[in-house]
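Peer 1: Sharing a structure here in structure tokens format.
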There are 2 protein chains.
Amino acid sequence: MLVVQKFGGTSVGTLERIKATAKRVIETKQSGADVVVVVSAMSGVTNQLVEYGEHFSKEPYGPAMDMLLSSGEQVTSSLLAIALNDMGYPAVSLTGAMAGMYTDNVHTKARITHIDTTRLKRELKDGKIVVVAGFQGVTADGDITTLGRGGSDLSAVALAGALNADLCEIFTDVDGVYTTDPRIEKRAKKLEKISYEEMLELASAGAKVLQTRSVELAKKLNVKLTTRSSFNHNEGTQIVGEENMEKVLVSGIALDKNQARVTLRGVIDKPGIAAEIFNALADKNINVDMIIQNVGVDGTTNLGFTVPQNELEIAKDTMSKLSAAKNIEYDDAIVKISIIGVGMKSHSGVACTAFDTLAREGINIQMISTSEIKLSVVVDQKYAELAVRVLHDAYELDK
Amino acid sequence: MLVVQKFGGTSVGTLERIKATAKRVIETKQSGADVVVVVSAMSGVTNQLVEYGEHFSKEPYGPAMDMLLSSGEQVTSSLLAIALNDMGYPAVSLTGAMAGMYTDNVHTKARITHIDTTRLKRELKDGKIVVVAGFQGVTADGDITTLGRGGSDLSAVALAGALNADLCEIFTDVDGVYTTDPRIEKRAKKLEKISYEEMLELASAGAKVLQTRSVELAKKLNVKLTTRSSFNHNEGTQIVGEENMEKVLVSGIALDKNQARVTLRGVIDKPGIAAEIFNALADKNINVDMIIQNVGVDGTTNLGFTVPQNELEIAKDTMSKLSAAKNIEYDDAIVKISIIGVGMKSHSGVACTAFDTLAREGINIQMISTSEIKLSVVVDQKYAELAVRVLHDAYELDK
């Protein structure tokens, strides 16, 4: 039995929390399992280091930035190993490089190329608890890299895959994945299971439980993933293959408040216009989300899309330079609500329920987009919480 | 022309100081020299990390402690490289491991075994400023090590030796080596030159300008060493071979307040007693300094020695368990004053001047010890500053 346990920033946020984490790891070890632990930086540390780096440069030199940022996880992994050893459990702390976590050389957002597990396996064979600094890797040339925000989840899943671990547990400060945000709907229920696909849609729809790339990788490597709290012993939520899911229609409802709507009216309806607009936005690294275009009338059409609210100003600036975009409306008083469920694949009527429910409350739907297992709508932000609650009720997610 | 420049904790103590250090490095680069920079952790950081580690364990696990401590220098070297790149000077930051700084595996006080200069030379050839995290190295197995307190000086000297640098400059917050502590004697003069041997005696006598091991290594590798301030452009002090020294009698006077005296009266004068005592103290890692034993009378003798004041309690505890040590006096109200100069080798009378001078002021000498180029005396601590000043005057060090 081999378990990979990943502890996020709040789980190692203070010296006391690190000690609690050590105890948690020891419980698992005592159950007879081999344990590989992956840790994030203490909460706040990465932001602090980014600030330091940006004090000197708007675009800090990547390789140096990676060496800087990687120090945060290096500190927590060392401290956890010190605590474990002191409690009588031999443990070794490894940087990404020492753990054989090889990446390409795209600094500050590197991708894992392969993991050389020689050292990891040797330490495990020696009975040691192996503590790995998350979020970081090393190039073939020996340069330190980092994997981008939330990269420690990715480190954990990749290690679990490479070591063929029986389980990968992601510890955070919430109990698992909920049917919706419990701060909005008190009757929100923790899901026992959710499919990789639903989890991916939830994550991209604004629920911040697991980093998207790590879920994708878990699916690809078939890693048994669980997310749970390090602050209690409640069972968490298992992320499993669709084949292991009971048939549920809708698993959860996600609310994304960080969206703004852009509408172009009277766009000339000829090939290449949309390409011009979205290429210009992509050049500025703006993440365009929902895109809606209707069949045109009189040779013109309306084009709508959403962008993250904090990228709206850059989007405005970009759009103002385009000849195709003249009559433009911006609206940042909107939210995106997404209904997610593998059941949608085989059941019709899911969308109707949503439309009926919102209409009954007098909530106007401004945009709609759908994927195989997700329905997203844009509504006025003043209805955000109400819409989430009535939809949660309509799909009986509290049952 | 290749220069190694080392900047200590206060020289990189704030983001502003790091920027000032970047400018200083660029000045050297602009003069046409290749530059390798070695940096310490920001002042206070190493102590903070030690505290963190000791929060979990009285004796923190060495390899994890080294991984923890090394993060401090990793941060400053990254930040300096970011600053240099932003100012238009291509720079690369390297950890000890990346810089090829190989050590043995005695964690927290490793010794450098060799330096693989391949990477360093490649980066220099590419015209880059190379910023190396000081104080750290790597074992043949890839584990991070640290070199002990003041280890960044050692990193700098070792790199200068391995790269055959033309000069190794150690930047601190003082202008160089003084004839004595200017806070005690205002007329203290900065020395233009001092020999390695004198520097070694000064360092071991309590003057904290350069780490002892780094001076030893500089002497061994024949590294041209200078210590100067990063806060101004004053010329510093060169540390040179004796052959390059003009004939001076006395170079400086050092005061060491961190000493305590231990006196054993009536020790049975037979072989093995001293060995028993000093082995017991060595087992506890207590640094015994001056040892004085007189010819015995009536089969017994008096034995005196000094230990660091902060190790006195452990020393007392250790002594109390020894059968040979019965009648013991402890005195921590003493100081050690050392007179240092290569001229002592060939000139007699240096000691007489000291004894006469102190006697004239009514200062009683409690212990005396001598080496080839050093004369140390122990006196009551109330006379510390007075003794330094009258000796400074007697040897005309202000001239």
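Peer 1: Could you check the simple spin-label distance between B:ASP380 and A:LYS321, using points 7 Å along Cα→Cβ, in nm with one decimal?
Peer 2: 8.1 nm
Peer 1: If you don't mind, another one. Rounded to the nearest 20 debye, what is the charge dipole size of the protein assembly as shown about its Cα centre when +1 sits on each Lys and Arg Cβ and -1 on each Asp and Glu Cβ? All intermediate terms of the calculation are to be shown ahead of the outcome.
Peer 2: On the way: 86 positive and 102 negative charges, 19 e Å.
I would put it at about 80 debye.
Peer 1: Still on this structure: According to a simple spin-label model (label point 7 Å from Cα along Cα-to-Cβ), what is the distance in nm between A:LYS208 and B:ASN222?
Peer 2: 6.1 nm
Peer 1: Hey, if you put +1 on the Cβ of every Lys and Arg and -1 on every Asp and Glu Cβ in chain B, which of B:TYR178, B:GLY296, B:GLY343 ends up farthest toward the positive end of that dipole?
Peer 2: Comparing the listed Cα positions along the dipole, B:TYR178 ranks first.
Peer 1: On to the next question. Read phi for every residue in the range A:367-380 and hand back ³J(HN,Hα) as whole Hz from Karplus 6.51 cos²θ - 1.76 cosθ + 1.60, θ = phi - 60°, with x for Gly and Pro.
Peer 2: Karplus values, whole Hz, x for Gly and Pro: 9, 9, 9, 9, 10, 4, 10, 9, 10, 10, 10, 9, 9, 4.
Peer 1: I would also like to ask the following. Under the definition of partner shielding as Cβ atoms of other protein chains within 10 Å of a residue Cβ, what is the mean value for peptide A:139-149? Please report the intermediate quantities before stating the final value.
Peer 2: Numbers: counts 0, 0, 2, 6, 6, 7, 0, 0, 0, 0, 0.
Other-chain Cβ atoms within 10 Å of each residue's Cβ, averaged: 2.
Peer 1: Which one of B:LEU163, B:SER40, B:VAL132 has its Cα pushed farthest toward the positive end of the charge dipole of the range B:2-173, where Lys and Arg give +1 and Asp and Glu give -1 at the Cβ?
Peer 2: B:LEU163
Peer 1: Return one quarter of the surface area of the convex hull spanned by the alpha-carbon atoms of the protein assembly as shown, equal to its mean projected area, in nm². Before the final figure, lay out each step's value.
Peer 2: Values: hull surface 170.2 nm².
That works out to 42.6 nm², a quarter of the Cα hull's surface.
Peer 1: What lysines could a cross-link reach from B:LYS399, if we take a straight Cα to Cα line under 24 Å and drop same-chain neighbours fewer than 8 places away?
Peer 2: B:LYS186, B:LYS189, B:LYS190, B:LYS193, B:LYS208, B:LYS247, B:LYS345, B:LYS374
Peer 1: Please state the charge dipole magnitude for the range B:2-173, taken about the Cα centre, from unit charges on C-beta atoms (+1 on K and R, -1 on D and E), reported in debye and rounded to the nearest 20. Don't skip to the answer; put the middle values down first.
Peer 2: Values: 15 positive and 19 negative charges, 71 e Å.
The calculated dipole for the range B:2-173 is roughly 340 debye.
Peer 1: Among all the aspartates and glutamates, which ones have a C-alpha under 14 Å from B:LYS58's C-alpha, if same-chain residues fewer than 8 places away are not counted?
Peer 2: Counting by Cα, and skipping residues close in sequence, B:LYS58 has these aspartates and glutamates nearby: A:ASP86.
Peer 1: Tell me which residues come under 5 Å, amide H to amide H, from A:LEU94 once H is placed; ignore anything under 5 positions away on its chain.
Peer 2: So A:LEU94 has HN proximity to A:VAL131, A:VAL132, A:ALA133.
Peer 1: Read phi for every residue in the range A:131-146 and hand back ³J(HN,Hα) as whole Hz from Karplus 6.51 cos²θ - 1.76 cosθ + 1.60, θ = phi - 60°, with x for Gly and Pro.
Peer 2: After applying 6.51 cos²θ - 1.76 cosθ + 1.60, I find 9, 10, 5, x, 6, 10, x, 8, 7, 4, 7, x, 8, 6, 10, 10 Hz.
Peer 1: Another question, then. Looking for one value pair here: nearest-to-axis residue in chain A (by Cβ) for the rotation onto B, and the distance in whole angstrom.
Peer 2: Axis relating chain A to chain B; nearest Cβ residue and distance: A:SER71, 2.
Peer 1: Report the antiparallel proportion of the DSSP beta bridges in the protein assembly as shown as a percent, rounded to a multiple of 5. Intermediate values should be presented prior to the final figure.
Peer 2: Details: 90 of 146 bridges.
Of all bridge pairs located within the protein assembly as shown, approximately 60 percent are antiparallel.
Peer 1: A further question on this structure: I need the calculated FRET efficiency for the pair B:HIS347 and B:HIS55, taking r as the beta carbon distance and R₀ as 60 Å, to the nearest 0.05. Kindly include the intermediate steps, with their values, before the conclusion.
Peer 2: Values: r = 54 Å, r/R0 = 0.89.
Computed FRET efficiency for B:HIS347 and B:HIS55: 0.65.
Peer 1: Rounded to whole Å, give me the distance from the Cα center of the range A:237-287 to that of the range A:89-134.
Peer 2: Using only Cα atoms, the two centres lie 35 Å from each other.
Peer 1: Which value, in debye to the nearest 20, describes the size of the charge dipole of the range A:300-399 about its Cα centre when Lys and Arg Cβ atoms bear +1, Asp and Glu Cβ atoms bear -1, and nothing else is charged?
Peer 2: On the way: 10 positive and 14 negative charges, 53 e Å.
Taking the Cα centre of the range A:300-399 as origin, the dipole is about 260 debye.
Peer 1: What ranking of B:PHE56, A:PHE231, A:PHE171 emerges when the number of other C-beta atoms within 10 Å of each C-beta is taken as an exposure proxy, fewest first? Please report the intermediate quantities before stating the final value.
Peer 2: Values: B:PHE56 23, A:PHE231 16, A:PHE171 26.
The order, fewest Cβ neighbours first, is A:PHE231, B:PHE56, A:PHE171.
Peer 1: Which cross-chain or sequence-distant (5 or more) residues have an amide H under 5 Å from the amide H of B:THR146, H modelled 1.01 Å from N in plane?
Peer 2: It is B:THR108, B:LYS109, B:ALA110, B:GLY137, by chain and number.
Peer 1: In what order do B:THR357, B:THR146 fall by count of nearby beta-carbon atoms within 10 Å, going from fewest to most?
Peer 2: Values: B:THR357 17, B:THR146 26.
Lowest to highest Cβ neighbour count: B:THR357, B:THR146.
Peer 1: Next question, about the same structure. Hey, can you rank B:64-70, B:278-284, B:44-50 by average C-beta count inside 10 Å, highest first? Please report the intermediate quantities before stating the final value.
Peer 2: Values: B:64-70: 28.4, B:278-284: 13.7, B:44-50: 16.3.
Result, highest mean Cβ count within 10 Å first: B:64-70, B:44-50, B:278-284.
Peer 1: From other protein chains only, count the Cβ atoms within 10 Å of every residue's Cβ in B:15-23, then give the mean. Write out the running numbers ahead of the final one.
Peer 2: Details: counts 4, 1, 0, 3, 2, 0, 0, 1, 0.
Rounded to a whole number, the mean comes out at 1.
Peer 1: Need one number: nm distance between label points at B:ASP166 and B:VAL297, each 7 Å from Cα along Cα→Cβ, rounded to one decimal.
Peer 2: Modelled inter-label distance: 6.4 nm.
Peer 1: Further, regarding this structure: Across peptide A:94-104, how many C-beta atoms of other chains are within 10 Å of each residue C-beta, on average? Don't skip to the answer; put the middle values down first.
Peer 2: On the way: counts 6, 9, 0, 6, 7, 0, 1, 0, 0, 0, 0.
Mean inter-chain Cβ contacts per residue within 10 Å come to 3.
Peer 1: Follow-up. May I ask you to evaluate 6.51 cos²θ - 1.76 cosθ + 1.60, the Karplus curve with θ = phi - 60°, for each residue of the range B:82-97 and list the ³J(HN,Hα) values in order in whole Hz, giving x for glycine and proline?
Peer 2: My calculation for the range B:82-97 gives 4, 4, 5, 4, 5, 7, x, 10, x, 9, 10, 9, 10, 6, x, 4 Hz in order.
Peer 1: Within the range B:216-273, which GluC sites (Glu not before Pro) sit in a loop by DSSP and count at most 15 neighbouring Cβ atoms inside 10 Å?
Peer 2: Details: sites: B:GLU216, B:GLU235, B:GLU242, B:GLU243, B:GLU246; in loops: B:GLU235, B:GLU246.
Sites meeting the loop and neighbour criteria: B:GLU235, B:GLU246.
Peer 1: Let me ask something else about it. Considering only DSSP beta bridges with both partners in chain A, what is the antiparallel share in %, to the nearest 5? Don't skip to the end; give the middle numbers.
Peer 2: Values: 45 of 73 bridges.
Bridges in chain A are about 60 percent antiparallel.
Peer 1: List the distances, in nm to one decimal, from the label point of A:CYS352 to the label points of the same position in every other copy, shortest first, placing each label point 7 Å from Cα along the Cα-to-Cβ direction.
Peer 2: For A:CYS352, the inter-copy label distances come out at 11.9 nm.
Peer 1: Please list, in chain and number order, the residues 5+ apart from B:PHE231 or on another chain whose amide H is under 5 Å from its amide H, with Hs placed from the backbone.
Peer 2: HN-HN under 5 Å from B:PHE231: empty list.
Peer 1: Placing the label point 7 Å from Cα along the Cα-to-Cβ direction, what are the distances from A:ARG187 to the equivalent spots in the other copies, shortest first, in nm to one decimal?
Peer 2: 9.2
Peer 1: Relative to the longest principal Cα axis of chain B, at what angle does helix B:45-56 sit, 0 to 90 degrees, rounded to 10?
Peer 2: The two axes meet at around 70 degrees.
Peer 1: Once the Cα atoms of helix A:212-221 and of chain A are each reduced to a long axis, what angle between those two axes, in degrees from 0 to 90 to the nearest 10, is obtained?
Peer 2: 60 degrees
Peer 1: To make sure I understand, if each residue's beta carbon is the centre and we count other beta carbons within 10 Å, what order do B:SER93, B:SER214, A:SER43 fall in, fewest to most? Write down the numbers at each step before the final one.
Peer 2: On the way: B:SER93 34, B:SER214 28, A:SER43 16.
With the sparsest Cβ surroundings first, the list reads A:SER43, B:SER214, B:SER93.
Peer 1: Among the lysines, select those whose C-alpha is under 16 Å from the C-alpha of A:LYS326, and discard any that sit fewer than 8 residues away in the same chain.
Peer 2: Result set, ordered by chain and number: A:LYS270, A:LYS316.
Peer 1: In percent, how large is the relative contact order of chain A, given Cα pairs closer than 8 Å and 6 or more residues apart? Intermediate values should be presented prior to the final figure.
Peer 2: Values: 858 pairs, mean separation 54.9, N = 399.
After rounding, I find 14 percent.
Peer 1: Here's something else I'd like to know. Among DSSP bridges having both ends in the range B:2-173, what percentage is antiparallel? Round to the nearest 5. Mind showing how you got there, number by number?
Peer 2: Numbers: 6 of 26 bridges.
Approximately 25 percent, going by the DSSP bridge assignments.
A short reminder: the numbers here are calculations on the coordinates, not readings from a lab. Given the structure is predicted, the values throughout are model-derived calculations rather than measurements. Ideal geometry is used to build each Cβ from the backbone, glycine not excepted, and the neighbour counts take in all protein chains shown.
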